[in-house]
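Q: Structure provided below as structure tokens; questions to follow.
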Amino acid sequence: MAEVRASSLIDGVVHVSPTVHADPRGVFVESYRQEWVPGSRPMVQANRADRVAGSVVGLHYHLGQADYWYVPSGLVRVVLHDLRAGSPTGGATACFDLGGSGDGSGAAAHDGVYIPPGVAHGFATLTDVTITYLVDAYYDPADELGVAWDDPVIAADWGLGSRAPVLSERDLANPGVAGIPDGIRPGWASAGGVGR
């Protein structure tokens, strides 16, 4: 049975440690079940990204889309920041590792994380990685928003030490939290489930 935990830092974020079934052939893991996130909408699209060590992706956010991340290969440092106006955890930042054990053994960890709309999300690749993410809305460029990865208000620990991050031009151009224009600042409502 999977272990499902609500985040103690950001409302609506859910951490999942699925059951790993291992035998001499390898492992089998159920990496996602909708029932792990009560009140969530069905996931309708799956995406995969392969990134080299030292990459930073984000911070991105959506007004209407939730994500579920799973790292089948490699290790990432996840950064989440609650941008939702009126959220009981508004302004909170969470940083944690997802994927491989990170202890040099090469052992895989199979945890996943559910990220509700309005929570800015990004990751730094601590190794070369493959990351998969499920989303509950089809790709909509109007709902692809961002905030500066290095905003001191967010104060993220990307886990890269002195290594210079590799970022996309899009992510380098994102505004700081204070520069998010009116109309694209997420809101929060306790009704409707999962911090929506």
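Q: Hey, VAL57 hits all of (1) more than 12 Å from the chain's Cα centre (by Cα); (2) in contact (Cβ under 8 Å) with a residue 40 or more places away in the chain but one; which does it fall short on?
A: Of everything listed in (1) more than 12 Å from the chain's Cα centre (by Cα); (2) in contact (Cβ under 8 Å) with a residue 40 or more places away in the chain, VAL57 misses just condition (1).
Q: Turning to a different aspect of this structure: Go through (1) polar (S, T, N, Q); (2) touching a helix residue (DSSP H, G or I) at 6+ places or on another chain (Cβ under 7 Å); (3) under 16 Å from HIS121 (Cα atoms) one by one and return the number of the condition SER40 breaks.
A: Unmet for SER40, out of (1) polar (S, T, N, Q); (2) touching a helix residue (DSSP H, G or I) at 6+ places or on another chain (Cβ under 7 Å); (3) under 16 Å from HIS121 (Cα atoms): (3).
Q: Something else about it: For the range 9-57, how many residues are assigned to a loop (DSSP other than H, G, I, E, B) and surrounded by 11 or more Cβ atoms within 10 Å (Cβ to Cβ)?
A: 20
Q: Restricting attention to the range 58-93, which residues are among the hydroxyl-bearing types (Ser, Thr, Tyr), surrounded by fewer than 23 Cβ atoms within 10 Å (Cβ to Cβ) and either part of a strand (DSSP E or B) or modelled with pLDDT of 95 or more (or both)? Lay out the reasoning, then the answer.
A: Step one: filter the range 58-93 for residues among the hydroxyl-bearing types (Ser, Thr, Tyr), giving 61, 68, 70, 73, 87, 89, 93.
Those left that are additionally surrounded by fewer than 23 Cβ atoms within 10 Å (Cβ to Cβ): 70, 73, 87, 89, 93.
Those that are among the hydroxyl-bearing types (Ser, Thr, Tyr), surrounded by fewer than 23 Cβ atoms within 10 Å (Cβ to Cβ) and either part of a strand (DSSP E or B) or modelled with pLDDT of 95 or more (or both): TYR70, SER73, THR89, THR93.
Q: Could you count how many residues in the range 106-163 are surrounded by 14 or more Cβ atoms within 10 Å (Cβ to Cβ) and either aliphatic (A, V, I, L, M) or outside any loop (DSSP other than H, G, I, E, B) (or both)?
A: Number of matching residues: 30.
The values are calculated or read from the model by the stated rules, or taken from the named source; none is laboratory data. Only a predicted model underlies this, so the values are computations on that prediction, with no experimental measurement involved. FYI the Cβ positions are ideal-geometry reconstructions off the backbone, even for glycines, and counts take in every protein chain you see.
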